[in-house]
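All remarks here apply to the structure that follows.
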Amino acid sequence: MNDIGEKKNNHLKFDFPKHVAIIMDGNRRWAKRNGKSTIQGHIAGVTSAQKAIKYALNNNIVSLTLFAFSKENWNRSEKEISSLIRLFSFFLGKKTFERFKIHNIRLFIIGEINQFGKSIQKKVQNIVNLTKNNIKLNLNIAVNYSGRWDILRSIKTIVKKVQEGSILIEDIREHTINRFICLNDQPDVDLVIRTGREYRISNFLLWQIAYSELYFTDILWPDFTEEVFQEAIMNFNMRERRFGNANVTKIR
């Protein structure tokens, strides 16, 4: 991650989405294809995440959300889960904070963090607090996250506020749910990218991507490069966004 943000793509003429979300899929298949261990596949995936962050920084994308660990991932082997947790803990270390400080990255962790150990919870809180005033890029890492959990959590918060009398049932609208959903203070997700030859959303940001453009690629996540990211952005620029209206909103 040392070279994040060093090169500029000023020659690019197309428009960039404000918020890109990526389902990073294919680490294990990449490892098997290349005769590597599963953890080596995940480590290679971290390198690809660094490339995605660099691209976002260089092209003034406001928010980048990466789906790192879903609630369903707890069904994997104990060995793999332990390796993923160690990798996540390493990511939350001092070196990451220093790089985020240099490149002005604000980190958010979305998901049910209290299922992790106290040490990781403390690291999460520490790096989130230390980067809260950074403004170049909102980097959102979804860990132990699911879209259904996110919506349910928002509804439970609203129910509690109704019981307290601070919200009236007749006043509940879509924007009420928006107030308590993850990433509510960031731009709407414009583009969702999924790697790995899968063509589904897999319980990711279900509320937030209602009007997002979807882009699927056969590339396995460890093979994801800035060039692949650019292809997705070029494809995004070819879309016509209607948002349910008769009038076409052209991206370019």
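The values are calculated or read from the model by the stated rules, or taken from the named source; none is laboratory data. Model, not experiment: these values are computed from the prediction. Heads up, the Cβs are rebuilt from the backbone with ideal geometry, glycines too, and the neighbour counts pull from every protein chain shown. Just so you know, the surface numbers come from the protein's heavy atoms only, side chains and all, with ligands and any DNA or RNA stripped out. Shrake-Rupley method; radii C 1.70, N 1.55, O 1.52, S 1.80 Å.
Of the conditions (1) in a helix (DSSP H, G or I); (2) under 22 Å from residue 19 (Cα atoms); (3) open to solvent by 70 Å² or more (accessible area, probe 1.4 Å), residue 98 fails just one. Which one is it? It is condition (2) that residue 98 fails.
Does residue 6 count as farther than 23 Å from residue 210 by Cα, open to solvent by 40 Å² or more (accessible area, probe 1.4 Å) and either at pLDDT below 95 or not hydrophobic (A, V, I, L, M, F, W, C) (or both)? Judged against the criteria, residue 6 is a match. The C-beta contact set for region 150-162 (first residue of a type in the set (A, V, I, L, M), second residue open to solvent by 40 Å² or more (accessible area, probe 1.4 Å) and in a helix (DSSP H, G or I), distance under 7 angstrom, 6+ apart or interchain) comprises 162/169. Residues that are under 18 Å from residue 15 (Cβ atoms) and in a loop (DSSP other than H, G, I, E, B) were ranked within region 235-252; the one that is modelled with the highest pLDDT is 238. Scanning region 122-135 for residues that are open to solvent by 50 Å² or more (accessible area, probe 1.4 Å) and either over 26 Å from residue 147 (Cβ atoms) or of a type outside the set (Lys, Arg) (or both) turns up 122, 125, 126, 129, 130, 133, 135.
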